[in-house]
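The values are calculated or read from the model by the stated rules, or taken from the named source; none is laboratory data. Treat the numbers as computed from the prediction; the structure is a model and nothing was measured. Here the Cβ positions follow ideal geometry from the backbone for every residue, glycine too, while neighbour counts run over all protein chains shown. SASA here: full protein model, heavy atoms, side chains in, ligands and nucleic acids out. Shrake-Rupley method; radii C 1.70, N 1.55, O 1.52, S 1.80 Å.
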Amino acid sequence: MILEKLRGVRVSGLGKSLPQKVLTNKDLENMVNTSDQWITTRTGIKERRITAIDESSSTLALRAAREALQKAGIKPEHLDLIIVATTTPDMLFPSTACLVQAGLGAQKAAAFDLEAACSGFIYASAVGSQFVATGMFEYVLVVGVDTLSKFVDWEDRSTCVLFGDAAAAAVLEPAPCGQGFLSFVLGADGSGCDYLKMPAGGSLLPPSHETVAAKLHTIKMKGNEVFRFAVKAMAEAALESLTCAGLRVDELDLLIPHQANYRIIESVRKRIGVLSEKVFVNLEKYGNTSAASVPLALSEAVEEGYIREGSKVVLTAFGAGFTWAACTIRW
Ligand SMILES: CC(C)(COP(=O)(O)OP(=O)(O)OC[C@H]1O[C@@H](n2cnc3c(N)ncnc32)[C@H](O)[C@@H]1OP(=O)(O)O)[C@@H](O)C(=O)NCCC(=O)NCCS
């Protein structure tokens with residue numbers, strides 16, 4: 001296709017979905033050798049949501065998608081594409097995006113999953129917005145969802161206190177140039193793959209009695225290395241995204257970082273040189289919800305009035321891979 005001019009792309013509706021069950025730090029004190037005090041001071045997390053046995057990533061994704069469509073005023077049959085960013089799909093195949101497509105009844109929509117761990121929502125927004133910008137599609141649904149509670153080793157105190165389950169979704173549609181997404185920065189460094197992974201369940205180590213006995217279907221993480229990487233990657237990506245958008249740091253209205261650890265967010269904030277009141281944090285309620293973290297925070301920031309028309313917002317994230325991503329939006 002020959003393109004004369006790319007269109008602007010904006011978020012026209014956001015939705016979120018949270019499991020009902022709340023797991024507090026006090027609850028965790030009864031499960032592993034930890035304390036509310038340790039978790040709060042080391043991470044900032046107070047509680048997280050846990051999916052019920054009959055819930056999965058697609059059930060959360062579907063609820064968030066319905067709310068986003070309703071807020072955007074779009075019917076499922078108008079959707080051209082559904083991208084689900086997740087590392088915890090319902091199953092290896094078919095994709096969770098296909099399950100969401102069927103659940104919504106979005107007959108015309110193409111659908112696929114995208115896996116970039118906690119950076120997934122920004123990656124998926126970058127991919128989805130290309131289709132809208134080029135004019136190939138009008139309406140793209142992007143969902144960030146993870147149910148990491150299903151893959152946590154509940155005897156490993158160094159990881160089980162960190163994660164929670166959630167989904168959040170956004171509808172992307174055409175906008176006048178200069179509105180909506182102004183820039184995207186995406187990156188990866190696969191040499192970091194051993195620092196954060198779930199080793200078994202794929203083609204390298206298919207499920208077997210041995211892999212289950214060795215707990216290789218749960219999250220393995222070297223927290224300190226991930227921490228250091230996260231601070232550098234998120235800060236640099238956010239700054240690059242602002243520069244690409246032609247904005248200075250002091251023009252930024254709100255920074256929405258991936259909600260993994262309050263100390264990581266604070267270090268990123270200082271590196272970027274942004275005031276505390278311009279940083280949105282909700283991780284005390286949800287923990288690290290992986291691909292849902294950034295859109296969940298974005299959705300709450302809009303609901304709570306931190307973002308208004310014209311606000312300049314930066315989203316920044318990092319995750320397993322390693323991956324990182326940032327984008328700048330004029331709301
Ligand atoms: C995991 C993390 C909170 C650990 O914090 P930390 O300050 O680095 O703590 P350390 O790993 O150095 O551990 C310090 C001590 O606390 C202990 N500890 C670990 N988890 C604990 C818990 N839940 N409760 C109590 N003690 C704990 C460790 O065993 C260690 O004890 P030791 O000194 O006797 O060996 C931190 O490294 C982190 O947030 N990393 C990034 C993780 C992340 O964001 N992952 C997702 C990426 S998307």
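Counting only helices (runs of 4 or more DSSP H) that sit completely within segment 26-137, those holding 1 or more residues that are farther than 30 Å from K5 by Cα and open to solvent by 20 Å² or more (accessible area, probe 1.4 Å) correspond to 36-43, 57-72, 96-104.
Taking segment 313-322 as the range and being closer than 19 Å to I272 by Cα and either surrounded by fewer than 24 Cβ atoms within 10 Å (Cβ to Cβ) or of a type in the set (D, E, K, R) (or both) as the test, only V313 passes. Go through the residues of segment 167-181 one by one and say whether even a single one is farther than 30 Å from F93 by Cα and out of contact with any strand residue (DSSP E or B) (no Cβ under 6 Å at 6 or more places or on another chain). Within segment 167-181, one or more residues are farther than 30 Å from F93 by Cα and out of contact with any strand residue (DSSP E or B) (no Cβ under 6 Å at 6 or more places or on another chain). Does segment 214-224 hold any residues that are out of contact with any Lys or Arg (no Cβ under 9 Å at 6 or more places or on another chain) and either farther than 19 Å from C160 by Cβ or in contact (Cβ under 8 Å) with a residue 40 or more places away in the chain (or both), and which are they? K215, H217, T218, G223, listed by residue number.
Any residue in segment 114-128 that's under 16 Å from V100 (Cβ atoms): show its pairings with residues that are open to solvent by 20 Å² or more (accessible area, probe 1.4 Å) and β-branched (V, I, T) at Cβ separation under 6 Å, as long as the two are six or more apart or on different chains. Here the result reads E115/T87, each pair linking segment 114-128 to a residue that is open to solvent by 20 Å² or more (accessible area, probe 1.4 Å) and β-branched (V, I, T). Selection of helices (runs of 4 or more DSSP H) fully inside segment 223-312 by the criterion of at least 2 residues being open to solvent by less than 10 Å² (accessible area, probe 1.4 Å) and at pLDDT 95 or above returns 223-244, 262-272, 293-303.
Okay, residues lined up against (1) more than 16 Å from the ligand (Cβ to nearest atom); (2) assigned by TED's automatic domain parsing to the domain that holds I256; (3) over 18 Å from S290 (Cα atoms):
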{"position": "V127", "(1), (2), (3)": "yes, no, yes"}
{"position": "G135", "(1), (2), (3)": "yes, no, yes"}
{"position": "V152", "(1), (2), (3)": "no, no, no"}
{"position": "A170", "(1), (2), (3)": "yes, no, no"}
{"position": "P174", "(1), (2), (3)": "yes, no, yes"}
{"position": "A200", "(1), (2), (3)": "yes, no, yes"}
{"position": "A213", "(1), (2), (3)": "yes, no, yes"}
{"position": "R228", "(1), (2), (3)": "no, yes, no"}
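Answer with yes or no whether T96 is of a type outside the set (F, W, Y) and touching a residue at least 60 places away in the same chain (Cβ under 8 Å). Taking the combined requirement at face value, the residue does not satisfy it.
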